[in-house]
Amino acid sequence: MAIKIYFFGPMDRSGRVRWLLAEMGVAYEDHRLDYQKQEHKSEEYLKINPLGAIPAIEEDGKVLTESGAICVYLADKYQDKQLAPALDSPHRGKFMQWMFMIPASIEPILNDGFKSSQLPEDERNKAFAQIVEKFNPVLDMISDHLGEQDYFIDNKFSAVDVMLASTLNWANNFKLIQDRPNVESYLARMKDREAAQKVGVFLPITPPSKDDE
Ligand SMILES: N[C@@H](CCC(=O)N[C@@H](CS)C(=O)NCC(=O)O)C(=O)O
């Protein structure tokens, strides 16, 4: 039975899961929720994810939530596609660090960016300056780790690239990536990937709705 993916639109966090599966050539079935109608808060969907968030996947009656955990699970499940270092690889530790760090420590900063964009101008500028201050060490860390590699972990395309590029794209929309040529060209390379384009993960962000299809 194909993996079922709950999502709003191509560019939300479910895009990572759909992109990863497209990279691996694994079939999946989309189950689109209408954000405007708040279908993710419906009684039916809250049985899938009590937090009322996407993505969630359903496979053989089992549900998984959290984009990072889903991507680790899938990359490990389809080990032959080599999108995660093996358990005994010297690169496994760093792979896990970034798969956790992106949603747990980096995205909360960007969520603050989203909230601050809705404030009145003077408060917005102040809040944004704080976000830049918090985000710059993250960018330094990313830029230093990446160096001149094409891909983030062991210079091989992996699930970290899927997670990281979608987060960097979000940061880029807030114009948070400045003067980092290696990070900018990395993001451009990820956007060029056929599977990413097929899934539409880097389409311009618009309020998610059923009409996006
Ligand atoms: N840490 C979660 C975050 C999930 C999340 O916040 N998803 C957003 C869409 S990208 C959502 O469902 N928001 C709906 C809401 O919070 O009402 C993950 O990485 O999966």
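Quick look at the values:
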read-out: Check on Lys115, among the charged types (D, E, K, R) and surrounded by fewer than 16 Cβ atoms within 10 Å (Cβ to Cβ); value: yes
read-out: Near pairs, Cβ below 7 angstrom, 6+ apart or cross-chain, from region 105-131 (within 21 Å of Gly68 (Cβ to Cβ) and touching a residue at least 40 places away in the same chain (Cβ under 8 Å)) to any residue that is assigned to a helix (DSSP H, G or I) and of a type in the set (Gly, Ala, Ser); value: Leu110/Ala171
read-out: Out of Ala104, Ala86, Ala165, Ala127, sole residue that is closer than 26 Å to Leu21 by Cβ and either at pLDDT below 95 or not in a helix (DSSP H, G or I) (or both); value: Ala86
read-out: Criterion violated by Phe135 - all others in (1) in contact with a Gly (Cβ under 9 Å, 6 or more places away or on another chain); (2) modelled with pLDDT under 95 satisfied; value: (2)
read-out: Sole residue being of a type in the set (Gly, Ala, Ser), crowded, with 22+ Cβ neighbours inside 10 Å, within 30 Å of Met141 (Cα to Cα) and more than 12 Å from the ligand (Cβ to nearest atom), chosen from Ala56, Ala84; value: Ala84
read-out: Pair list, Cβ under 6 Å, 6 or more apart: region 1-29 residue closer than 14 Å to Ala165 by Cβ and of a type in the set (Phe, Trp, Tyr), other residue in a loop (DSSP other than H, G, I, E, B) and more than 9 Å from the ligand (Cβ to nearest atom); value: Trp19/Val201
read-out: Considering residues of region 193-213 that are surrounded by 12 or more Cβ atoms within 10 Å (Cβ to Cβ) and assigned to a loop (DSSP other than H, G, I, E, B) only, the residue modelled with the highest pLDDT; value: Arg193
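The values are calculated or read from the model by the stated rules, or taken from the named source; none is laboratory data. What you see is a predicted model, and the numbers here were worked out from it, not measured in a lab. Glycine also receives a Cβ, built like all others from the backbone with ideal geometry; neighbour counts cover every protein chain displayed.
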